[in-house]
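Beneath this line is the structure, given in structure tokens, with notes to follow.
The values are calculated or read from the model by the stated rules, or taken from the named source; none is laboratory data. Here the structure is a predicted model, which is why all the values come from computation and not from measurement. All Cβ positions, even for glycine, are placed from backbone atoms using ideal geometry, and neighbour counts span all protein chains on display.
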Amino acid sequence: MKLNNGDERQRTHDLFTGVCIPDLFMEKVEARAEWFIFDPHTIRRVLGFSLEDFYDQEKGAGEFRDKYEQCVEAAEKGLFGEKGLVWDKVPAIDIFKDILKSQLETGTPYMFYRDTVNRANANRHQGMIYCSNLCTEITQNMKATTVIEEKTEDGKIIIVKEPGDFVVCNLSSINLAKAVTENVLERLIPIQVRMLDNVIDLNDLPVPQAQITNQKYRSIGLGTFGWHHLLALEGIKWESEDAVNYADTLYEKIAFLTIHSSKELAKEKGAYPLFKGSDWDNGSYFESRGYVGDKWNELRQSVKENGVRNGYLMAVAPNSTTAIIAGTTASIDPIFKKEYSEEKKNYKIPVTAPDLSPKTTWFYKSAYEIDQIWSIKQNEVRQRHIDQAISFNIYVKNTIKAKDLLNIHLEAWKSNLKTTYYTRSTSLVEVDECESCSS
């Protein structure tokens, strides 16, 4: 790919599922400034490091932007070679325009805000997070497997490898509409955490590195679904401060119960092997999230003394099919429509908004009629309590202006969202008139 050819840059947008976004790039987009792009191999060959191995430890300052400036200086001095071959300088907003165009055409790429993710990584003492999984809710340390020795013995070649960190998804989610309304979270979450921890020992993984990583971190992903269903049952409008405050309160409770449950398991079975030196151990996990008060202080001290059983604890997955089976709404998403058909390769399922009644109907506003800024506000307070990430879809009409979609992304980044999932736009067919809007 010739980096100075705009047409070729645009044609690459359908080759990528997700993009890894540093804070500095978003700052350049907002300022309409220029952005340098480099050939990674050339950086390693000339400067001896990989730019992707660094992130900003603070908002507006850190190792990534220092290394980026070194690369810019080297490029301008001619150390990298001819401009347009292994490096180039383009308006950052032009790159983002390609992203927006692709999202409206295909729904992707997903967004991964690497600095936000790594600043919140409870296990940064052991490595770095380079990307999420495909569904954008799993954010855990990753590391390549390296060959440390190669020898011959009895006519055979023996290769000794240092295993990398291969992430494993051990997931389970709470049906909020059932668990909250029936007031069973305190009983449910300890069972759920124990069940997920048992899965780590019961599963036989075919990839050795994954098996080793699974035992080192004992990572789990406790999530939720049925959020819109719960709001409708509680009579809370999506686009309201009440919904934002409710999300903050509920997910703080879920976080407390999850950490407490993992701590109790650690007392029984031992902490995960890499606990020492983690943010769980030194208490900064609790400080960075503003967890104060007697119950949090007591939990923080107990975690320091006993550890936690699982290095990563919470992640909110998409859960679309699971939610249909459970008769509720997907993940933390608003409903698509009050009635529609879920189509897969070999079947078509009619779906109706759960517990639809004269009372709840006014609280089931279509995702495409909802101001996405309110969804971001909910996710901002929710993300504070989730140590990993959240599959967060953006819903827009196909008539949306580019500046408005750009503003949604800028707001998501400024609100410390770690990732965003699909950008789901309407087809050319008009969306049905929104009855709930007219209420």
Handout entry: residue 129 touching a strand residue (DSSP E or B) at 6+ places or on another chain (Cβ under 7 Å) and closer than 19 Å to residue 416 by Cα
Key = yes
Handout entry: Those residues of the stretch 356-380 which are surrounded by 19 or more Cβ atoms within 10 Å (Cβ to Cβ) and either among the basic types (Lys, Arg) or closer than 19 Å to residue 421 by Cβ (or both), in sequence order
Key = 365, 366, 367, 368, 370, 372, 375, 376, 377, 378, 379
Handout entry: Top-ranked residue of the stretch 395-439 - restricted to ones that are among the polar types (S, T, N, Q) and either loosely packed, with under 12 Cβ neighbours inside 10 Å or out of contact with any helix residue (DSSP H, G or I) (no Cβ under 6 Å at 6 or more places or on another chain) (or both), ranked as modelled with the lowest pLDDT
Key = 439
Fill in the blank from the handout: residue 139 vs (1) in the same structural domain as residue 41 (by TED's automatic domain parsing); (2) closer than 30 Å to residue 216 by Cβ: all pass except (1)
Completion exercise
Within the stretch 58-90, residues being part of a loop (DSSP other than H, G, I, E, B) and either buried (at least 19 other Cβ atoms within 10 Å of the Cβ) or on the phi > 0 side of the Ramachandran plot (or both) number 7
Practice task
Take the residues in the stretch 279-290 that are in contact with a Lys or Arg (Cβ under 7 Å, 6 or more places away or on another chain) and assigned to a loop (DSSP other than H, G, I, E, B), then tell me which one is surrounded by the most Cβ atoms within 10 Å (Cβ to Cβ).
Solution key: 289
Exercise for the section: Taking only the stretch 115-134 into account, find how many residues are assigned to a helix (DSSP H, G or I) and aliphatic (A, V, I, L, M). Expected result: 1
Exercise for the section: Inspect the stretch 271-278 for any residue being in contact with a His (Cβ under 8 Å, 6 or more places away or on another chain) and buried (at least 19 other Cβ atoms within 10 Å of the Cβ) and give the result as yes or no. Expected result: yes
Handout entry: Residue within the stretch 91-114 that is in a strand (DSSP E or B) and farther than 30 Å from residue 218 by Cβ present
Key = yes
Exercise for the section: Find the residue count for the stretch 198-233, including only residues that are in a helix (DSSP H, G or I) and either within 16 Å of residue 174 (Cβ to Cβ) or among the β-branched types (Val, Ile, Thr) (or both). Expected result: 10
Problem - Filter pass, residue 335 being within 24 Å of residue 133 (Cβ to Cβ) and of a type in the set (A, V, I, L, M, F, W, C) - result: no
Practice task
Pick out the one residue from 66, 94, 98, 88 that is among the acidic types (Asp, Glu) and within 30 Å of residue 285 (Cβ to Cβ).
Solution key: 66
Exercise for the section: Scan the stretch 219-268 for residues that are farther than 18 Å from residue 392 by Cβ and not basic (Lys, Arg) and report the count. Expected result: 24
Exercise for the section: Among what's in the stretch 121-166 and is under 14 Å from the mean Cα position of the chain (by Cα), over 23 Å from residue 286 (Cα atoms) and of a type outside the set (Ser, Thr, Tyr), pick the residue that is surrounded by the fewest Cβ atoms within 10 Å (Cβ to Cβ). Expected result: 134
Handout entry: Residues that are in contact (Cβ under 8 Å) with a residue 60 or more places away in the chain and within 20 Å of residue 310 (Cβ to Cβ), drawn from the stretch 137-166
Key = 137, 138, 139, 140, 141
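Yes or no, residue by residue, for (1) in contact with a Pro (Cβ under 7 Å, 6 or more places away or on another chain); (2) aliphatic (A, V, I, L, M):
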{"site": "270", "(1), (2)": "no, no"}
{"site": "277", "(1), (2)": "no, no"}
{"site": "303", "(1), (2)": "no, yes"}
{"site": "310", "(1), (2)": "no, no"}
{"site": "328", "(1), (2)": "yes, no"}
Problem - Selected residue (only one of 236, 220 is at pLDDT 95 or above, over 21 Å from the mean Cα position of the chain (by Cα) and among the β-branched types (Val, Ile, Thr)) - result: 236
